[in-house]
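Structure, as structure tokens:
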Amino acid sequence: MENIVEEKTSLFDVYSIFPIEIQKALGSKLWDNKGTEYLDLYGGHAVISIGHSHPEYVTAITKQLKNIGFYSNSIEIKLQNQLAQKLGELSGYTDYNLFLCNSGAEANENAFKLASFYNGRKKIIAFKQGFHGRTSLAVAATDNPKIVAPINENQNIIFLPLNDIEAFDNAFDEEISCVIIEGIQGVGGINIPDAEFLQHLEKRCNEKNSILILDEVQSGYGRTGKFFAHQHANIKPHIITMAKGMGNGFPVGGLLISPTIEAQKEMLGTTFGGNYLACAAAISVLNVLEKEHLIENALVLGDYLKEAFLDIPQIKEVRGLGLMIGIELDQPCAEIRNTLLSDFKIFTGSSSNKNTLRILPSLAVTIEEIDQFIHALKDILK
């Protein structure tokens, strides 16, 4: 009798993962299947904005699911209007319109289409070390050849250095449909656009009828101490893209769109975007941000964290605003990141800048938890 080898479907192995199985989470704490406790200072790529398993968040989703979890955008979903109103109030964009989708990449993809619908142009300006997602145009506008497939090549994308006004002016003309820039470059290593640079982009886009897109997928929702990072520069882009912290782990994305861009039937669409559960999660996040003053907490604790590393010789620079922090070391940070996890049970993030640790905790993180990380990193660097 022949031996029959049982074949099993396995995962498509594209992720570099830690061999840890997390089974429970609360606030900034995680517990694995052995009961070991961890401190989460990465929030799953800045997704966890109000803390894991926040009771108000859990209640809101559970209550909504008992009524209805999903229906498509072929009916009126009043929760979408409630979300738009609350988002406008907290962000200061009460005159903008909201389009809901599922992710940051999808938000950016729709932003590119809206810009092209608006002015009929095809060229995009993006910036080196930026990251805008993994869908077709979003990946083409991302400065990382490793993730650009041949089918994504030969798009009308111009990559420029960040904060270089002269290079921008030399490349910018009447053929540019839109300019996309992150409020703070996250994957690139926490690189901050100068206020003067953002103000210049706003001025030039308005002059040439081009669309300025602010990618706030990682830097938005209070993470930098203002609702959106670009608000530190006192500018008002035409489109703002959001996701990550918007749903605290529930998939939801969106665009805030200037009233100068007119909606037309069927120009955009989505099956799952703006569903009942997504809206319930997103409204709950906004309520908690407001009631618990988490945006203010992000600003205070971010400054506290940065000041703690001013006199450490192995640290070249600490960049960022609020709780979007990059700690650049004088060496690659992979081993230090691994030691933080294995010896101190602290999750941190990496970046395309191999020397830079990314710190992206929940905005509800406490000063005691920040101190735990500070002491751990200082101990390792000794």
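Just so you know, all these numbers are worked out from the coordinates, no wet-lab data involved. Computed from a prediction, not measured in an experiment: that's the story for all the values here. Because the Cβ atoms are built from the backbone with ideal geometry, glycine has one as well, and the counts that use them run over all protein chains shown.
Here are some notes:
- Amide proton proximity set for residue 182, modelled H, under 5 Å, gap of 5+: 215
- Protection proxy ranking, peptides 11-23, 185-197, average beta carbon neighbours within 10 Å, highest first: 185-197, 11-23
- Summarising the strand pairing of region 55-291, around 40 percent of its internal DSSP beta bridges are antiparallel.
- Subset of 208/265; 122/244; 203/226; 226/316; 146/378 violating a 30 Å alpha-carbon distance limit: 146/378
- Gyration tensor verdict on region 34-140 (Cα atoms; rounded if a/c is under 1.5, prolate if a/b is larger than b/c, oblate otherwise): oblate
- Under Karplus coefficients 6.51, -1.76 and 1.60, residue-wise ³J(HN,Hα) of region 184-192 in Hz, glycine/proline x: 9, 5, x, 4, x, x, 6, 9, 9
- Virtual paramagnetic centre 7 Å along Cα→Cβ of residue 58, amide N under 12 Å, in region 18-51: 24-27
- From least to most packed, judged by other beta carbons within 10 angstrom and beginning with the fewest, 277, 377 follow the order 277, 377.
- Sequence-distant residues sharing a close amide H with residue 325 (under 5 Å, placed H): 359
- GluC sites (Glu not before Pro) within region 197-286: DSSP coil, no more than 13 neighbouring Cβ in 10 Å: 262, 266
- Each part reduced to its alpha carbon centroid, region 364-380 and region 96-110 end up 35 Å apart.
- Ranked 70, 272, criterion: other C-beta atoms within 10 Å, fewest first: 70, 272
- Relative to one another, the C-alpha centroids of region 157-207 and region 311-359 are positioned 27 Å apart.
- Cα gyration tensor, region 308-376 - rounded (a/c under 1.5), prolate or oblate: rounded
- Each of the peptides 359-366, 35-42, 334-341, 130-137 was scored by the mean count of other Cβ atoms within 10 Å over its residues; in descending order, highest first, they stand as 359-366, 130-137, 35-42, 334-341.
- Summarised in one figure, the compactness ratio Rg/Rh of the chain, Cα atoms and Kirkwood Rh, is 0.98.
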